[in-house]
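Input: a single structure, listed below in structure tokens.
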Amino acid sequence: MSKNFLIDFPVLNQIINGKRLVYLDNAATTQKPLSVTKAVQDYYNLYNANPHRGAYYLSVKATEIYENSREAVREFIGAKKPGEVIFTKNATEAFNLLAYSYGMNFINPGDEIVISIAEHHSNLVPWQQVAKAKGAVLKYMYTDEEGIIPEEEIKSKIGNKTKLVSVTQISNVFGTVNPIDKLVERAHEVGAVIIVDGSQSVPHMKVNVAELDVDFLVFSGHKLLAPMGVGVLYGKEELLNAMPPFLFGGDMIEYVWEQEAEFAQLPYKFEGGTQNVGGALGLMEAIKYLDNVGMDNIKVMEKGLVSYALMKMSELPYITIYGSKDVQKKSGVIAFNVQDVHPHDVASILDSEGVAIRAGHHCAHPLMNYLGVNATCRVSFYFYNSVEDVDIFIESLKSVRKWLGYGS
Ligand SMILES: Cc1ncc(COP(=O)(O)O)c(C=O)c1O
């Protein structure tokens with residue numbers, strides 16, 4: 001790619017701790033291009049008003065911006081209707097919406113909710129709450145040594161009692177891609193609904209809800225160049241129509257009497273209160289940027305970076321990598337540990353070299369227990385990273401054990 005991404009992402013173009021910043025924590029959040037930050041700034045400088053509420057120019061303009069953003073998301077994920085796209089605060093809020101609105105109303109005692117051991121807490125803790133409140137059973141599909149849900153687990157764990165399956169398309173720890181087609185097929189075979197956590201997939205590959213035939217898809221805008229504070233819940237119209245609202249109040253009603261209220265149509269039924277118009281606009285601009293680079297190009301660029309990083313890391317005998325090392329089975333995320341060094345120390349030493357990586361449990365305690373570790377380090381790439389970034393990361397990784405007094 002000839003494009004110089006450093007011009008578009010000023011945050012990447014700076015010196016941290018005396019070194020050029022190498023930002024490798026993109027699974028946590030991505031940086032924002034100037035086109036996104038400028039659009040949000042222009043919105044607040046020129047158009048800010050409460051949408052859906054006023055007949056005056058600015059409010060109409062804010063409404064137009066908000067609904068255009070919804071349309072951009074609809075097209076990006078291949079939803080049939082704009083009403084199937086609900087704006088939320090983030091992926092976590094989308095999961096809570098599903099847990100409270102779908103889970104608490106459609107899950108009954110003895111029903112089974114099936115998730116995987118590799119879920120982020122945001123797709124795990126809400127289901128624990130639903131299972132407890134409704135007397136349902138929370139079952140786990142365990143990943144194989146590559147960090148992928150195997151077919152036998154899908155067949156054996158999703159059965160006649162399963163009413164809901166909720167799985168991540170790409171693990172935020174292993175970066176491995178789960179077989180969503182097989183999971184959807186099995187869930188629908190037994191009459192269950194399936195929710196897909198697209199937080200780590202939608203930013204990195206083309207995800208089309210109609211082609212996948214998923215019932216719900218959840219993701220956060222901030223992991224795909226958009227500002228923090230805006231997320232998306234996609235749901236099939238007939239399911240969303242059957243679900244009660246999650247947040248009650250202004251904007252989500254048709255009419256209110258003293259004792260009763262008639263709720264608004266989709267998507268407004270699920271968007272109570274003043275919405276994040278600037279965030280939605282930022283998400284639309286982010287989608288434009290991604291479309292411009294091309295989702296297929298993004299996938300190829302990231303595979304190039306991850307395969308180079310894996311090759312270089314495998315030359316270091318003191319590195320343990322978790323999950324598949326096959327680039328065809330994973331995105332740009334690598335979880336690893338350095339022998340005898342706590343992940344937090346690794347991250348701190350790398351930080352002193354200007355390299356930003358993540359260390360910890362990655363909001364996946366049950367997965368850490370399953371792997372038999374307390375924590376891991378994690379590097380995660382995005383298309384704006386370069387081979388030079390990988391080289392700097394590897395060089396600083398080589399210095400970690402020396403720093404702590406080990407021979408090599
Ligand atoms: C796979 C996955 N799901 C859900 C989330 C939650 O996203 P948010 O914190 O934006 O709600 C994350 C965030 O790291 C994630 O990686």
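The values are calculated or read from the model by the stated rules, or taken from the named source; none is laboratory data. It should be emphasised that the depicted structure is a prediction, and the values quoted were computed from it without experimental measurement. Ideal geometry is used to build each Cβ from the backbone, glycine not excepted, and the neighbour counts take in all protein chains shown.
For region 312-408, which fully contained strands (runs of 3 or more DSSP E) count at least 1 residues that are over 19 Å from residue 117 (Cα atoms) and within 16 Å of the ligand (Cβ to nearest atom)? Step through it out loud before you land on a result.
Values: elements: 319-322, 333-338, 358-360, 376-380.
Because the criterion is at least 1 residues that are over 19 Å from residue 117 (Cα atoms) and within 16 Å of the ligand (Cβ to nearest atom), the strands (runs of 3 or more DSSP E) in region 312-408 that meet it are 358-360, 376-380.
Which condition breaks for residue 372 when tested against (1) more than 18 Å from the chain's Cα centre (by Cα); (2) more than 16 Å from residue 335 (Cβ to Cβ)?
(2)
Which numbered condition in (1) more than 21 Å from residue 202 (Cα to Cα); (2) surrounded by fewer than 20 Cβ atoms within 10 Å (Cβ to Cβ); (3) touching a helix residue (DSSP H, G or I) at 6+ places or on another chain (Cβ under 6 Å) is the only one that residue 368 fails?
(3)
If only one of 165, 137 is more than 15 Å from the ligand (Cβ to nearest atom), in contact (Cβ under 8 Å) with a residue 12 or more places away in the chain and surrounded by fewer than 24 Cβ atoms within 10 Å (Cβ to Cβ), which one is it?
Answer to the selection: 137.
Is region 31-38 home to any residue that is in contact with a His (Cβ under 9 Å, 6 or more places away or on another chain) and within 29 Å of residue 359 (Cα to Cα)? Full working, then the answer.
First, the residues of region 31-38 that are in contact with a His (Cβ under 9 Å, 6 or more places away or on another chain): 32.
Cutting the leftovers down to within 29 Å of residue 359 (Cα to Cα) gives us 32.
Checked region 31-38: at least one residue is in contact with a His (Cβ under 9 Å, 6 or more places away or on another chain) and within 29 Å of residue 359 (Cα to Cα).
Filter region 194-208 down to residues that are surrounded by 24 or more Cβ atoms within 10 Å (Cβ to Cβ) and closer than 23 Å to residue 66 by Cα and give me whichever is nearest to the ligand (Cβ to nearest atom).
Narrowing region 194-208 to residues surrounded by 24 or more Cβ atoms within 10 Å (Cβ to Cβ): 194-200, 202-204.
Applying the additional criterion that residues be closer than 23 Å to residue 66 by Cα yields 198-199, 202-203.
Values: 198: 8, 199: 4, 202: 10, 203: 10 Å.
Among those residues, the one meeting the criterion is 199.
Just to confirm my filter: which strands (runs of 3 or more DSSP E) fall fully inside region 154-264 and include at least 1 residues that are touching a Lys or Arg at 6+ places or on another chain (Cβ under 7 Å)?
On the way: elements: 162-168, 193-197, 216-220, 231-235, 253-256, 261-263.
Hits in region 154-264: 231-235, 261-263.
Residues checked against (1) in the same structural domain as residue 220 (by TED's automatic domain parsing); (2) touching a strand residue (DSSP E or B) at 6+ places or on another chain (Cβ under 8 Å); (3) exposed (fewer than 13 other Cβ atoms within 10 Å of the Cβ); (4) not aromatic (Phe, Trp, Tyr):
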{"site": "20", "(1), (2), (3), (4)": "no, no, no, yes"}
{"site": "31", "(1), (2), (3), (4)": "no, yes, no, yes"}
{"site": "53", "(1), (2), (3), (4)": "yes, no, no, yes"}
{"site": "62", "(1), (2), (3), (4)": "yes, no, no, yes"}
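Could you say which residue among 326, 351 is at pLDDT 95 or above and either over 30 Å from residue 150 (Cβ atoms) or touching a Cys at 6+ places or on another chain (Cβ under 7 Å) (or both)?
Within the list 326, 351, the selection yields 351.
Which of the residues spanning region 234-282 are surrounded by fewer than 19 Cβ atoms within 10 Å (Cβ to Cβ) and among the aromatic types (Phe, Trp, Tyr)?
Scanning region 234-282 gives 248, 255, 257, 263, 268.
If you go through region 1-32, how many residues are part of a loop (DSSP other than H, G, I, E, B) and away from the ligand (no atom under 16 Å from the Cβ)?
So in region 1-32, the residues part of a loop (DSSP other than H, G, I, E, B) come out as 1-4, 9, 13-14, 17-18, 21, 24, 26-32.
Among the residues that remain, those that are also away from the ligand (no atom under 16 Å from the Cβ) are: 1-4, 9, 13-14, 17-18, 21.
The number of residues fulfilling the criteria is 10.
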